[in-house]
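The values are calculated or read from the model by the stated rules, or taken from the named source; none is laboratory data. Being a predicted model, the structure only gives us computed values, none of them experimental. Here the Cβ positions follow ideal geometry from the backbone for every residue, glycine too, while neighbour counts run over all protein chains shown.
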Amino acid sequence: MIALDKNRAKTERYVADYEKIEGEIAAHEPIWLHQIRKEAISRFQELGFPTIKEEEWRHTNVTPIVKREFTLAGAAAIDSLPDTIHHVTFPDSDFTQLVFVNGFFSPRLSHLNSLQDGIRVESLAQAIACDANALEPYLSRLGSYEEHPFAALNTALFRDGAYVHIKKGVVARTPIHLLFISTSPKQAVVSYPRTLVVAGAESQATIIESYAGVEGEVYFTNAVTEIAVGENAVIEHYKLQRESAQAFHIANMLFYLDRSSNFASHSISLGGSLVRNNVNAALNDEGIECTLNGLVMAAGKQHIDNHTYIDHARPHCASHELYKNIVDDHATGVFKGKILVRRDSQKTDAKQTNMTLLLSDEASIDSMPQLEIYADDVKCTHGATTGRLDENALFYLRTRGIGKPAAKNLLTYAFANEIINRIRIDAVREQLEQILRERLPFEQND
Amino acid sequence: MLEIRNLHVNVDGKEILRGIDLTIRAGETHAIMGPNGSGKSTLAQVLAGHEAYEITEGVILYEGQNLAELEPEERACAGMFLAFQYPVEIPGVSNTYFLKTALNAIRKARGEEPLDAVDFLALVKEKMKLVHLDEKLLHRPVNEGFSGGEKKRNEIFHMAVLDPKLAILDETDSGLDVDALRIVAEGVNALRDETRAVMVITHYQRLLNYLVPDFVHILAKGRIVKSGGRELALEVEENGYVGLEEPTEVLQPVGY
Ligand SMILES: Nc1ncnc2c1ncn2[C@@H]1O[C@H](COP(=O)(O)OP(=O)(O)O)[C@@H](O)[C@H]1O
Ligand SMILES: [Mg+2]
């Protein structure tokens with residue numbers, strides 16, 4: 001109880017942040033949103049920061065975040081991306097790109113070239129100011145922050161973010177890239193990126209979220225992403241997390257899937273010192289196909305935690321989940337994959353696989369599948385493997401002339417590649433291949 | 001080229017090789033024959049540098065260097081090649097990608113420039129023909145889902161691309177039909193010249209019809225119990241390994 005109270009006391013700073021901005025909220029935002037924010041901040045106060053005594057946080061201790069005094073980020077006008085941030089844009093692509101600095105939209109760094117009819121991509125703050133009615137059914141209505149203190153905090157404190165709306169039947173020709181960068185040169189800041197994607201029935205689109213920061217800087221990104229996928233829509237989502245190795249990153253992702261939709265989300269976690277992703281997919285009608293892929297590469301003292309939750313709420317849906325962790329040095333990984341199959345969700349086909357490669361004796365993983373199945377005519381499988389590099393494979397590579405470090409890197413790359421290969425956007429896949437090859441050099445000219 | 005003197009090797013504290021003496025000179029092909037469990041693969045793995053095999057006595061010299069001082073990759077870069085009895089599957093690494101990485105590592109060690117994609121492809125195409133390797137196996141992960149015969153042929157393909165000075169083939173012929181056997185033998189024969197040497201480990205004399213050795217050695221219980229010329233293999237074919245369990249007369253093969 002003492003720890004709990006201590007953590008609760010630490011909420012004061014954040015409540016004060018809310019009070020600072022509430023005047024502006026009251027002046028510029030619709031009443032319904034102001035109401036949501038009030039509820040969210042008080043819910044956050046009630047919940048407090050989670051402790052490892054709570055089941056959902058047993059393996060992730062957020063004390064380093066709680067202890068630190070982050071300054072609420074304001075809009076930072078910068079003319080160009082810091083050149084210490086590599087591999088975050090897709091320079092040779094025709095992607096629509098929105099850039100956010102510390103959570104605030106930066107028109108100067110964005111290019112909204114040739115947006116198609118029927119597709120809106122804009123700053124969330126602007127959408128709230130101009131067209132709040134369109135957002136009202138979705139913004140924070142989808143996801144409940146009731147049980148998620150960090151989601152509640154984001155809901156109370158976000159100032160801006162991305163709003164993407166794809167009209168019924170519209171097929172987006174190019175991916176939409178939402179790039180959230182943090183720059184925190186003077187003081188450790190906290191930012192609250194917020195993304196709302198509403199994909200109409202029979203629409204198709206690819207949404208890429210990137211999170212990046214300046215290497216060496218300490219900051220806290222607390223993000224919430226809500227994606228509502230309409231009937232029969234086909235949506236592909238990527239989350240590329242390349243925060244600074246000193247950064248804290250907590251993300252709540254909420255996916256609401258409608259009848260016969262096809263949704264895939266790929267989550268790649270490379271950066272951050274303390275990272276937690278909550279991925280929630282609600283399969284709310286029949287005939288949905290949902291794919292969740294994940295790759296974690298943790299080294300040094302990184303701690304990367306993925307909690308996924310797939311709710312099979314209706315019959316005849318399929319979910320495929322493959323998460324892979326590569327954990328090196330003293331790093332720790334956590335994977336908890338919950339699949340709920342409700343009583344009426346007959347003919348559910350759910351497959352979950354979690355594979356971990358431990359590259360050092362000190363590296364560790366906690367992998368927990370959790371299947372709750374209340375229907376009787378279903379096909380649900382899960383498998384978790386944890387292992388080290390195959391000594392025989394390593395020897396085989398070495399007998400062909402490949403040095404030990406390169407052989408290890410090649411095998412590790414191959415392990416990761418199963419996830420990278422599933423990425424269907426060439427520019428994204430190539431970028432990740434490049435990043436991986438830099439982290440795992442095995443070619444002679446490297 | 002290779003000189004093995006009084007080699008004793010332990011695995012898990014158990015002595016498997018119990019005093020092997022063998023000299024292989026440039027230009028020669030030596031066949032090692034012997035019953036199952038006699039230590040043939042152990043010898044091959046020791047030569048390649050597998051850590052599980054501990055040399056307790058004796059020495060192996062390769063081109064005058066003490067092999068024990070070289071890492072497996074250094075041996076490969078110095079021109080040694082082992083075709084595995086059981087080639088290892090490498091999920092996620094394409095056969096060509098792997099081979100290019102290996103070849104360029106060896107070229108670098110030799111002080112040569114890495115081959116670019118175009119030259120590499122030309123080399124691969126040429127060598128592929130030599131062993132009649134199906135093109136689709138180039139792009140698949142190394143040995144994954146390959147049939148037994150495809151794996152063996154792939155080993156010879158690797159050998160042809162990496163162009164070693166000393167090739168050691170561990171039962172590359174086992175499980176092959178006659179056509180595949182002939183292809184494997186042709187691949188090895190193409191490599192043979194007066195600057196290189198081959199050690200071919202086999203259980204059956206059949207391969208030796210196509211890949212004619214200069215010397216044949218019979219290995220039993222971790223020792224070479226008999227050495228001779230090509231005719232020794234035929235003798236084994238006739239009589240099996242009966243009576244060859246313990247060293248009898250160690251014939252000095254012709255040319256020694
Ligand atoms: N890695 C190993 N671990 C334990 N025993 C081994 C290992 N490798 C070989 N042996 C043992 O050494 C002996 C010789 O095996 P091997 O060299 O494979 O014979 P061959 O190739 O002639 O059939 C066998 O008794 C085998 O069980
Ligand atoms: Mg053997």
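In the range B:18-42, the residues that are under 14 Å from B:K226 (Cβ atoms) and of a type in the set (V, I, T) form Cβ pairs under 9 Å with partners that are within 16 Å of ligand 2 (Cβ to nearest atom) and assigned to a helix (DSSP H, G or I), at six or more places apart or across chains, as follows: B:I20/B:L43; B:I32/B:K40; B:I32/B:L43; B:I32/B:A44. Which one is farthest from B:H8 (Cα to Cα) among residues in the range B:184-204 that are within 16 Å of ligand 2 (Cβ to nearest atom) and surrounded by fewer than 23 Cβ atoms within 10 Å (Cβ to Cβ)? This residue is B:Y204.
Condition check for B:E73 on (1) at the interface with chain A (Cβ under 10 Å from one of its Cβ atoms); (2) among the charged types (D, E, K, R); (3) in a loop (DSSP other than H, G, I, E, B): one failure, at (3). All conditions in (1) farther than 19 Å from B:A44 by Cβ; (2) more than 8 Å from chain A (Cβ to nearest Cβ); (3) in contact with an Asp or Glu (Cβ under 7 Å, 6 or more places away or on another chain) hold for B:Y97, with the sole exception of (3). Here's a check for you: in the range B:24-42, which residue that is more than 16 Å from ligand 2 (Cβ to nearest atom) and hydrophobic (A, V, I, L, M, F, W, C) is farthest from the other protein chains (Cβ to nearest Cβ)? Filtering first and then ranking leaves B:A26. Considering only residues in the range B:40-51 that are modelled with pLDDT of 95 or more and in a loop (DSSP other than H, G, I, E, B), the one that is surrounded by the fewest Cβ atoms within 10 Å (Cβ to Cβ) turns out to be B:H50.
For B:E155, the criteria (1) within 13 Å of another protein chain (Cβ to nearest Cβ); (2) assigned to a helix (DSSP H, G or I); (3) over 22 Å from B:L181 (Cβ atoms) hold in every case but one, which is (3).
Within the range A:34-58, residues that are of a type in the set (V, I, T) have Cβ atoms under 7 Å from residues that are buried (at least 20 other Cβ atoms within 10 Å of the Cβ) and assigned to a helix (DSSP H, G or I) in these pairs: A:I36/A:T155; A:I41/A:Y18; A:I41/A:A156, counting only partners at least 6 apart in sequence or on another chain. Taken together, B:A122, B:A105, B:A76 contain a single residue that is more than 17 Å from the chain's Cα centre (by Cα) and surrounded by 14 or more Cβ atoms within 10 Å (Cβ to Cβ), which is B:A105.
Among the residues of the range A:48-96, those identified as polar (S, T, N, Q) and within 23 Å of A:E122 (Cβ to Cβ) are A:S80, A:T89, A:S93, A:T96. Scanning the range B:77-127 for residues being on the phi > 0 side of the Ramachandran plot and modelled with pLDDT of 95 or more gives a total of 1.
Taking the conditions exactly as written (out of contact with any Pro (no Cβ under 7 Å at 6 or more places or on another chain), within 14 Å of chain A (Cβ to nearest Cβ) and surrounded by 22 or more Cβ atoms within 10 Å (Cβ to Cβ)), does B:V9 satisfy them or not? When the stated conditions are applied, B:V9 does not pass them.
For A:F248, the stated conditions do not hold, so it cannot be described as in the same structural domain as A:L72 (by TED's automatic domain parsing), in contact with a Cys (Cβ under 8 Å, 6 or more places away or on another chain) and at pLDDT 95 or above.
Which of (1) within 16 Å of ligand 2 (Cβ to nearest atom); (2) within 14 Å of another protein chain (Cβ to nearest Cβ) is the odd one out, the single condition B:D173 does not satisfy? The number of the failed condition is (2).
Here is a yes/no grid of residues against (1) of a type outside the set (A, V, I, L, M); (2) within 13 Å of B:M33 (Cα to Cα); (3) away from ligand 1 (no atom under 16 Å from the Cβ); (4) not in a helix (DSSP H, G or I):
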| site | (1), (2), (3), (4) |
| --- | --- |
| B:G145 | yes, no, yes, yes |
| B:G149 | yes, no, yes, no |
| B:D173 | yes, yes, no, yes |
| B:L181 | no, no, yes, no |
| B:N189 | yes, no, yes, no |
| B:M199 | no, yes, no, yes |
| B:V216 | no, yes, no, yes |
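B:E54 satisfies every condition listed in (1) away from chain A (no Cβ under 13 Å); (2) closer than 19 Å to A:A406 by Cα except (2). Select from the range B:57-70 the residues that are surrounded by 14 or more Cβ atoms within 10 Å (Cβ to Cβ) and hydrophobic (A, V, I, L, M, F, W, C) and write down the one among them that is farthest from the other protein chains (Cβ to nearest Cβ). Checking each candidate, the answer is B:L61. Could you check, for the range B:121-141, whether at least one of its residues is within 10 Å of chain A (Cβ to nearest Cβ) and touching a helix residue (DSSP H, G or I) at 6+ places or on another chain (Cβ under 6 Å)? Checked the range B:121-141: no residue is within 10 Å of chain A (Cβ to nearest Cβ) and touching a helix residue (DSSP H, G or I) at 6+ places or on another chain (Cβ under 6 Å). Scanning the range B:165-181 for residues that are surrounded by 16 or more Cβ atoms within 10 Å (Cβ to Cβ) and without any contact (Cβ under 8 Å) to a residue 40 or more places away in the chain returns B:D173, B:L176, B:A180, B:L181.
Within the bounds of the range B:5-16, is there any residue that is in a loop (DSSP other than H, G, I, E, B) and away from ligand 2 (no atom under 16 Å from the Cβ)? Scanning the range B:5-16, I find at least one residue that is in a loop (DSSP other than H, G, I, E, B) and away from ligand 2 (no atom under 16 Å from the Cβ), so the answer is yes. In the range A:146-264, counting only strands (runs of 3 or more DSSP E) that sit wholly within it, the ones holding 1 or more residues that are of a type in the set (S, T, N, Q) span A:176-182, A:189-191, A:194-199, A:204-213, A:220-229, A:234-242, A:248-257.
Against the conditions (1) without any contact (Cβ under 8 Å) to a residue 12 or more places away in the chain; (2) surrounded by 15 or more Cβ atoms within 10 Å (Cβ to Cβ); (3) part of a loop (DSSP other than H, G, I, E, B), A:I402 satisfies every one except (1).
Counting only strands (runs of 3 or more DSSP E) that sit wholly inside the range A:321-391, those with at least 1 residues that are within 14 Å of another protein chain (Cβ to nearest Cβ) are A:349-358, A:379-387. Looking at B:L219, B:L244 in this structure, which one is crowded, with 16+ Cβ neighbours inside 10 Å and at pLDDT 90 or above? From the options B:L219, B:L244, the qualifying one is B:L219. Among the residues of the range B:43-72, the one identified as within 16 Å of ligand 2 (Cβ to nearest atom), within 23 Å of B:D214 (Cβ to Cβ) and either without any contact (Cβ under 8 Å) to a residue 60 or more places away in the chain or more than 14 Å from the chain's Cα centre (by Cα) (or both) is B:V46. Restricting to the range B:100-120, what's the tally of residues that are basic (K, R) and at the interface with chain A (Cβ under 8 Å from one of its Cβ atoms)? Here the count works out to 2.
Of the residues making up the range A:405-435, those that are free of Cβ contacts under 8 Å to residues at least 60 places away in the same chain and under 23 Å from A:D92 (Cα atoms) are A:N417, A:N421, A:D426, A:R429, A:E430, A:E433.
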